[in-house]
Amino acid sequence: MGKRWLKERKRDYYYRRAKKEHYRSRAAYKLLQLNRRFGILRPGYRVIELGCAPGGWTQVAAEAVGDSGLVVGVDLQAVEPLEYENVVLLRGDFRSTEVRERLRELIPECDALISDASPDISGIWDVDHARSIELCELALEIAEEHLVPGGNLLLKVFQGELLQSLVERVRGCFGYVKLTKPRASRSESAEVYLIGRGFSRLRRGEVYRVKIAGESRRGDGIARIKGTRVFVRGARRGDEVRVRITHLRQGFAEGEVC
Ligand SMILES: C[S@@+](CC[C@H](N)C(=O)[O-])C[C@H]1O[C@@H](n2cnc3c(N)ncnc32)[C@H](O)[C@@H]1O
């Protein structure tokens with residue numbers, strides 16, 4: 001790292017603040033800002049964190065979920081032990097079957113998955129973008145396996161032409177989706193953060209055969225499918241129908257008889 005880079009880093013507001021407040025990275029402030037705005041982590045949550053070294057996000061997550069929560073952090077790099085009883089650190093590659101297996105043992109279900117994982121930077125925009133998308137696709141696969149209905153997602157991703165298709169994939173299984181850049185993220189950096197709230201095991205457009213168990217005040221039928229409450233237009237209590245999912249919302253879904 002050049003002298004100029006070191007000098008600029010020392011002048012950087014979040015770098016200095018992290019030193020003063022004992023966070024291991026300036027990135028900690030990105031998670032603090034995103035969590036304040038989008039409520040990704042709550043007390044008691046079980047969290048999978050991908051790409052956690054040196055541990056700034058892990059500190060923020062451990063404090064947000066508190067003693068009744070759990071944070072399992074994974075990184076290729078070793079992380080200096082943290083003084084939190086609710087943190088478990090795993091060293092390894094989250095693309096490997098070994099790490100996937102350990103995650104299944106340690107935290108079979110989670111309420112949030114957060115990933116600040118970055119590929120090794122080549123400096124070639126398209127290459128770095130494609131590698132970042134690949135990490136995000138994997139993180140999403142892990143999220144789909146571990147998240148409980150209603151759970152939340154936060155992914156760091158480098159901008160580029162493949163971003164929109166990733167956003168569409170996230171839209172397919174979360175009730176609320178947003179791309180954002182927190183203040184602590186440098187404006188010249190290619191990174192943005194993709195947020196998904198209200199995970200559902202249902203997929204928009206899919207069809208399910210169900211028995212309508214109740215009715216809403218508005219007169220829609222209500223069914224529970226794969227842990228998600230679905231309001232079904234035009235259905236009555238006791239009906240046995242085929243339902244197509246039309247919308248995923250935060251905490252529920254909507255469907256129509258087909
Ligand atoms: C920007 S750093 C994370 C900083 C962290 N959020 C913090 O606040 O301290 C990105 C991390 O992603 C990790 N990483 C990248 N690919 C990975 C993979 N396949 N498995 C595990 N960790 C990975 C890198 O080793 C690196 O430590």
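The values are calculated or read from the model by the stated rules, or taken from the named source; none is laboratory data. Bear in mind that the values here come from a model prediction, so they are computed numbers and not experimental data. All Cβ positions, glycine included, derive from the backbone under ideal geometry; neighbour counts span all protein chains shown. Please note that ligands, DNA and RNA were not included when accessible areas were found on the heavy atoms of the full protein model with its side chains. Shrake-Rupley method; radii C 1.70, N 1.55, O 1.52, S 1.80 Å.
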Worksheet, complete the sentence: In a Gaussian network model of the chain with springs linking alpha carbons closer than 10 Å, the residue among K20, K156, K178 that fluctuates most is K20
Worksheet item: In the chain, carbon and sulfur make up what percent of the accessible area (probe 1.4 Å)?
Response: 47 percent
Discussion item. For R249, what residues show an amide H to amide H distance below 5 Å, using hydrogens built from the backbone and excluding near sequence neighbours?
Written reply: E254
Response to the item:
Among K3/K181; K20/K156; K156/K178, the pairs whose Cα-Cα distance exceeds 22 Å are K3/K181; K20/K156
Discussion item. Can you give me the accessible area per residue for segment 207-257, using a 1.4 Å probe, in Å²?
Written reply: 61 Å²
Discussion item. Please give me the summed charge of the neighbours of S25: other residues whose Cβ is under 14 Å from its Cβ, Lys and Arg +1, Asp and Glu -1.
Written reply: +3
Item to complete: Obtain the nm distance between the two label points defined at D126 and D12 by a simple spin-label model: each point lies 7 Å from its Cα along the Cα-to-C-beta direction.
Response: 2.9 nm
Discussion item. Give me the percent relative contact order of the chain, please, defined on Cα pairs under 8 angstrom at least 6 residues apart.
Written reply: 13 percent
Worksheet, complete the sentence: Under the Karplus relation with 6.51, -1.76 and 1.60 and θ = phi - 60°, whole-Hz ³J(HN,Hα) for segment 17-33, x at Gly and Pro, equal 5, 4, 4, 5, 9, 6, 8, 6, 8, 5, 4, 3, 6, 5, 5, 4, 5
Worksheet item: Which listed residue (P182, V148, L103) has the Cα farthest towards the positive end of the charge dipole for the chain, taking +1 on Lys and Arg C-beta and -1 on Asp and Glu C-beta about the Cα centre?
Response: P182
